[in-house]
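Here the structure comes first, spelled out in structure tokens, and everything after it is commentary.
Each value in this text was obtained by applying a stated rule to the coordinates, not by laboratory testing. Just so you know, these numbers come straight off a predicted model, no measurement behind them. Glycine gets a Cβ as well: all are built from the backbone with ideal geometry, and neighbour counts include every protein chain shown.
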Amino acid sequence: MKRIIKSMAVFSMVLVTVLVSLTGCASPSKSVGASKEKLKVALILPGKKDDVSFNQAMYEGMTAYMEEHEEDIELKIVENVYEVADIQPALADFADQGYDVVFGHGFQFMEPIISVSKKYPDTCFLLGTGYKFEENSAIYDVDLESGGYIMGVIAALTSETGKIGVVGGADASEIFRGHEGYKLGAKSINPLIEIQEVYTGDWTDTAGAYEAAVGMYDSGVDVIWHSGDGIGLGVVQAAVEKDKYALGNVEDQVSLGEKNVLSGLQYKWEAVIAQIFDDIKSGSFKTLSDDKRIYWINIANDGLVYTEINDPKGMLKEEEKKFIENTFQQLKKGEIEIPEITQNK
Amino acid sequence: MKTKLLNSGKKAAGAVAMIALALIIGAVLVLISGNKPMEAYATIISGAFGSKLRLSELFIKMIPLTIMALGISIAYKAQLWNIGADGQFTMGAIASAAIGIYVELPPFLIVPLSILSAILAGGLWAGLAGWLKTKFNANEVITTLMLNYIATYFLAFLVYGPMMDPQGELAQSEVLKESLRIPLLFSNYRIHAGIVIMILIILLMFFFWKTPLGYKTDLIGQGEKVSTYAGINVKRTIIITMMISGAFAGLAGWNETYGVQYRLLEGISSGYGDIAVVIALLGELNPLGIVISSFFFSILMVGGSCMQRMTNVPYSIVDVIKGLIIIFVIARTAFRNTAIKYTMKEWIGRRKNYAK
């Protein structure tokens, strides 16, 4: 019994010491003259940096920017921070360690960034897609309608059956706009084209997307564009099995099906990364007006490109390829007007 | 007293040896992966103690782990192998979150009500397994494990369906009102007043084994026949023991919902239940041992994620170390198992007989 009381006393003493040391100083203050030192930047990825999709695109965009700015930026990249319980500690730890900029690459980082950014007003936070922000945080997102438009043009020109398809994940903002852009693009080529559309409702539903794509191909569709992560793999898999064409998204996906991935959109986040860092360095980041708090990548700012046409079946003629490139250039110059797309929910 | 001290010294030495062995094997793996083991372990230590924030995160992990492991130890003392702490935790989180979100009462009533509901939900979930054992002789290892799955999918159903936050698209409930949350100890860190509850429970556990109920539980662990002779209602005690064990996990679920996440979300249990089992066994079901091993595992987890962030060593190394400790703990338990010893003795005896 004595032993128990003794050990309990020791334990509570340790605990008290720890708690007292915690109270020591409340807010971690950073040195003011840090601007001449390297900017400390952390990028937190929810998946692997070589996922041929969402994470890889950001990884490549970031490293591309880094190569040109190695002398004034120090970058730390973490992969696979996916569990809800891990996100907030990871964000807070970087901020606490004095990192100046922290990127949370994904929608699920939104709430944690909101709560952490309040506690660390000196750190800038960037959220990959979403809609909420604080004074010291902003969002980078993709303006998918113009990209969808060019995909629609490619699909309509390629299709011999007059039937094309599109498979998306959740029926959420940017994906919805991409799909509408796709329909507009396709109809600009052939107003009577039949467009089949499926939302699987889930980004990771590879099997559901595969089933949807197989159904489309079986009904005579010969080109499908997909607009998401895991579902993209399902669509490409179906294309390979049915030996039809698929159009990719986010990252160059030709490696997934060399005979069946016709082209695809590639996100070039570096188009806005430079702008983000310029704003942070100049100090204007925290005073941005609300409408400028979302950095959009689009065709006009080279943030969206289509990957080189890969047409082993020879379904596209030379002049059609030229037409595609022309359309792309027109979109870039803003010569094709896409009506504003709003989603009625 | 002296032999007791010697005994616990032996037990502690065994635990330390197991941890050391796991760390050595982990170091070899770090070396193979092309990194420096000393650097990796140093990052784990600095990742757990290096700043106030990290220290705060350490206790954020330690609170639920300790509470759950202590609850598990009660069942294990009675030889009831409750491995369903995860599910009991989840049910506690669900019940308390539902109270916090849907019941319109002043906070001073809601908070105790939510605690009570969490304890009840966790207790009943474990009690169900206990009842199945007494009624149908269903093995509690299987039933508690299966109940884990039911709880996990029930939670998923709720956060994707009826309890989903109407303002978002994520699998989570709406957020709890600020007046209901467990107060933070320091405004900048997540460490909250739930630590007081953990300390109270630790203190309580030191005395639990001296109470009549603790004594009965212990006796059931010695064997059903003995307990029946001693005049104990075995069936009732089994169910009550399971319920107490589950109540602890349910309380930990309340703590996580009201102190850390402030809402219900998918995967809220984060696999704490499984680690708590290892902690209870590594701590030899002794309250002090459990507190120490839970502290150790919290260091591993918090420091491990920091190691992944700051070095190129993957977090999987931490999982390997955890896994090794589990294997060692099981191996030791198996070796110590009297049943095995007896069969060995019998077998040797028979061999001797044949030899004659």
Quick one: how many lysine pairs in segment B:54-315 have C-alpha atoms under 19 angstrom apart, if they're 8 or more apart or on different chains?
-> 13
Report, in order of residue number, the helices in chain A meeting two criteria: a C-alpha extent of 24 Å or more along the helix axis, and a mean Kyte-Doolittle hydropathy of at least -0.5; treat each whole DSSP H run as one helix.
-> A:2-23
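Hey, any idea what Rg/Rh is for segment B:54-315, computing Rh the Kirkwood way over Cα pairs?
0.99
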Compute log10 of I(q)/I(0) for chain A with the Debye formula, placing one identical point scatterer on every Cα and leaving out solvent, at q = 0.09 Å⁻¹, to two decimals.
-> -0.55
Could you pull out every residue, at least 5 positions away or on a different chain, whose amide H is within less than 5 Å of the one on A:Asp311? Hs are placed 1.01 Å off N in the peptide plane, and Pro or chain starts have none.
-> none
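Mean Kyte-Doolittle of at least -0.5 and a Cα length of 24 Å or more along the axis: which whole DSSP H helices of chain B meet both?
B:2-32, B:52-77, B:85-102, B:107-136, B:140-160, B:234-256, B:287-310, B:316-336
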Kirkwood Rh (inverse of mean 1/r, distinct Cα pairs), segment A:214-271, angstrom | 11.3
Based on the alpha-carbon gyration tensor of segment A:238-318 and its eigenvalue square roots a ≥ b ≥ c, which shape applies: rounded if a/c is under 1.5, prolate if not and a/b is larger than b/c, or oblate?
-> prolate
Add +1 for every Lys or Arg and -1 for every Asp or Glu among the other residues with Cβ under 14 Å from the Cβ of A:Lys163, and state the total.
-> -1
Percent antiparallel among DSSP beta bridges confined to the protein assembly as shown, rounded to 5, stands at 15
Calculated FRET efficiency for the pair B:Ile25/B:Gln79, C-beta based, R₀ 35 Å, to 0.05 = 0.70
Please order B:Phe186, A:Phe285, B:Phe248 by the number of other Cβ within 10 Å, starting at the fewest.
-> B:Phe186, A:Phe285, B:Phe248
Rounded Å value of the spacing that divides the Cα centres of segment A:253-291 and segment A:298-330 | 19
Within the set of other residues whose C-beta is less than 9 Å from the C-beta of B:Ser51, count the net charge using Lys and Arg as +1 and Asp and Glu as -1.
-> 0
Within segment A:44-124, trypsin sites (Lys or Arg not before Pro) in DSSP loop having at most 15 other beta-carbon neighbours inside 10 Å | A:Lys48
Please figure out what share of the DSSP beta bridges in chain A is antiparallel and state it in percent, rounded to the nearest 5.
-> 5
Overall form of segment A:273-345 per C-alpha gyration tensor (a/c, 1.5; a/b vs b/c) = prolate
Straight-line reach from A:Lys332: which aspartates and glutamates have Cα under 12 Å away, leaving out those fewer than 8 places along the same chain?
-> A:Asp302
Place a label point 7 angstrom from the Cα of A:Asp218 along the Cα-to-Cβ direction, then list the residues of segment A:233-275 whose backbone nitrogen is under 13 Å away.
-> A:242
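What 222 nm value per residue comes from the helices of chain A, counting each DSSP H run with n ≥ 4 as -39,500 (n - 2.57) and dividing by all residues, nearest 500 deg cm²/dmol? Mind dumping the intermediate values first?
Working: 10 runs with 148 residues, N = 345.
-14000 deg cm²/dmol, from helical runs alone.
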Cut-off 11 Å (backbone N to label point 7 Å along Cα→Cβ of A:Lys38), residues of segment A:63-100 | A:70-76
Whole Å is fine, so just give me how far the alpha carbon centre of segment A:79-104 lies from that of segment A:163-241.
-> 34
Charge context of B:Ser227, other residues only, Cβ under 15 angstrom, K/R +1, D/E -1 = +4
Taking other Cβ within 10 Å of each residue's Cβ, how do A:Trp225, A:Trp269, B:Trp209, A:Trp203 sort, fewest first?
-> B:Trp209, A:Trp203, A:Trp269, A:Trp225
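Quick one: in the protein assembly as shown, what % of C-alpha pairs are over 39 Å apart? Walk me through the numbers on the way to the answer.
Values: 108866 of 245350 pairs.
So the portion of pairs separated by more than 39 Å is 44 percent.
Please label the shape of segment B:34-147 as rounded, prolate or oblate, based on the square roots a ≥ b ≥ c of the eigenvalues of the alpha-carbon gyration tensor (a/c under 1.5 means rounded; beyond that, a/b larger than b/c means prolate, else oblate).
Because a/c hits 1.5 or more and a/b fails to exceed b/c, segment B:34-147 counts as oblate.
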Long-range amide H contacts for A:Gln196: which residues qualify at under 5 Å (H placed 1.01 Å from N, peptide plane, sequence gap of 5 or more or a different chain)?
-> A:Ile164, A:Gly165, A:Val166
In deg cm²/dmol and to the nearest 500, what is the mean residue ellipticity at 222 nm of chain B if only DSSP H runs of at least 4 residues count, each as -39500 (n - 2.57), divided by the residue total?
-> -25500 deg cm²/dmol
By count of other Cβ within 10 Å, fewest leading, how are B:Ile240, A:Ile299, B:Ile142 ordered?
-> B:Ile142, B:Ile240, A:Ile299
What's the center-to-center distance, using Cα atoms, between segment B:108-175 and segment B:236-250 in Å?
-> 15
